[in-house]
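Notes for the one structure printed next.
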Amino acid sequence: MRLRRRGVRLWGAWILAIAYFWMARPDTASLWVGGAVILAGLIVRGWAAGVLEKDRELAVSGPYAFTRNPLYLGSFVIGAGAVVAGGRIWIGVVFLAFFVWAYRETMAREVGRLVDRFGDGYRCYRDAVPAFLPRLTPYRPPPDTAPAPTRFSLARYTRNREWEAALGGVAAMGLLALKAAGHLGQAG
C-alpha cells in the first residue's frame, strides 16, 4: 500500500502541477510576492537538509529544534508561494487538500519509525516539539539525552539532494515568468 500511495502521490503531484501551470494567471506582483514565499520555503528546506543525517542520528538542532518536520513545512511554504505566484488563490484549496492527503499519513508513519530507531530520545523530542507548525523557542534536549548539535553543512545539503528542490523552484518561477510575459499563453 505504501508504494502504491507513493506512486499515486507522485503522479498526482505531476497532474496537479500541469493543471496549475495551465490555469495560472501570474502577474508582476504575484511573481514577486510568491517568489519571496517560495524562497523562504527553500531556505527552510535547505537549512533542514544541511543538518540532517538521515537514519544515522536524531536531528534536534537547526530547524528541527522548532518543528519535527521542517522539510515538509518548507514544502508547504513553497507550495503556498507557488499558489500566490500563480495568481489564482483558489488553487490554494486544491493544494491544501492534496498536501494534507499526501503528507499526514507519511508524518504519522515516520513517528513510529523514529521511535523504533531512537527510542526515548525521540519520544522526549516528540513530546516537546510540534509536528508541523514551529514552536517559538528552540528545543533544548535534556542533558542526558542530548545528541551533539549538528551545524549546517553544504556537503550534507548536497548529499540529501536538496538542490533538486531549489532547481524545481527556479524552473517553476521561470515558467510562470514566461507565462506572465505572454510567451506561454494564458488560460481563460
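The values are calculated or read from the model by the stated rules, or taken from the named source; none is laboratory data. None of these values were measured; they are calculated from a predicted model. No Cβ is skipped: glycine too gets one built from the backbone with ideal geometry, and neighbour counts run over all protein chains shown.
What the table below lists for this structure:
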item: Complete set of residues in the range 110-165 that are part of a helix (DSSP H, G or I), among the aliphatic types (A, V, I, L, M) and surrounded by 14 or more Cβ atoms within 10 Å (Cβ to Cβ); result: 111, 114, 115, 128, 165
item: All positions within the range 8-47 that are in contact (Cβ under 8 Å) with a residue 60 or more places away in the chain, over 30 Å from residue 182 (Cα atoms) and in contact with a Gly (Cβ under 9 Å, 6 or more places away or on another chain); result: 45, 46, 47
item: Subset of the range 40-85 that is polar (S, T, N, Q) and under 14 Å from the mean Cα position of the chain (by Cα) - its residue that is surrounded by the most Cβ atoms within 10 Å (Cβ to Cβ); result: 69
item: Yes/no for residue 169 being part of a helix (DSSP H, G or I), out of contact with any helix residue (DSSP H, G or I) (no Cβ under 8 Å at 6 or more places or on another chain), touching a residue at least 40 places away in the same chain (Cβ under 8 Å) and surrounded by 11 or more Cβ atoms within 10 Å (Cβ to Cβ); result: no
item: Neighbours by Cβ (under 7 Å, 6+ apart or cross-chain): first from the range 85-114, farther than 29 Å from residue 22 by Cβ; second at pLDDT 90 or above and part of a helix (DSSP H, G or I); result: 107/72; 111/126; 114/122
